[in-house]
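Reading through the C-alpha cells given below for one structure.
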C-alpha cells in the first residue's frame, strides 16, 4: 500500500468533504391546500434521489378556516423538526376556477412559506407548467403522466395517492433537478 505524503492526504480530505457537501440535500415539497396539503421529503444524494417520507395534512371542515391554517402550520413544523429539510419546494398558485377556493389555497400557501422561513429553509417556488415540463417534458401533461414519471424516477411500486402527495413529490423532484 503506497504511503501518502501530507499534501496528498489533505487533497484526499478535501475531496471527501466536497463529496459530502453534494450528497445530502433534503427537500420538503408542498402541494398547498387548506382541506388537504400534500407533502414529501426527498433526499438528493448526488445523482440519486431517495424518497424519505410523504403524506397529507388534512383538516376537518368542522374547523374554522383560521383553525385549519393553524393546524397546517403545526403539522408542517412537526414534519420539519422530524425530517430536518434544508429546502422547501412549493407549487405556485397559477390557475384557479373558483376565486373563493383560490384565496383559501393562497392563504395555506402563505402559512407554508412562513413556516419555512421561521425554520430558516431555503425556498424554491415552481409553477405547475415548470413542474410538468421538468418531469414529463410537456407543459400540458395530465395528472396520470406526472404520477407515472414520479413512479419511474423514484422506482416506486405504485403511484402515491392521493394526487396531493404525487404533486408534492413532483415539486420536490423538480427542485432537486434544478438546484444541483
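Considering only residues of the stretch 155-174 that are part of a loop (DSSP other than H, G, I, E, B) and touching a helix residue (DSSP H, G or I) at 6+ places or on another chain (Cβ under 6 Å), which is surrounded by the fewest Cβ atoms within 10 Å (Cβ to Cβ)? Talk me through it step by step, then tell me what you get.
Keep residues of the stretch 155-174 that are part of a loop (DSSP other than H, G, I, E, B), which gives 155-162.
Retained after the next criterion (residues that are touching a helix residue (DSSP H, G or I) at 6+ places or on another chain (Cβ under 6 Å)): 159-160.
Numbers: 159: 18, 160: 22.
Across the stretch 155-174, the extreme among qualifying residues is 159.
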Worksheet item: For residue 177, are the conditions met, namely being in contact with a helix residue (DSSP H, G or I) (Cβ under 7 Å, 6 or more places away or on another chain), at pLDDT below 95 and under 18 Å from residue 42 (Cα atoms)?
Response: yes
Counting only residues in the stretch 139-154 that are at pLDDT below 95 and assigned to a loop (DSSP other than H, G, I, E, B), the one surrounded by the most Cβ atoms within 10 Å (Cβ to Cβ) is identified as 141
Checked the stretch 78-103 for anything loosely packed, with under 14 Cβ neighbours inside 10 Å and touching a helix residue (DSSP H, G or I) at 6+ places or on another chain (Cβ under 8 Å); matches are 94, 95, 96
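The values are calculated or read from the model by the stated rules, or taken from the named source; none is laboratory data. Quick caveat, the model's predicted, so the values are computed rather than measured. Please note: Cβ atoms are built from the backbone with ideal geometry, for glycine as well, and neighbour counts cover all protein chains shown.
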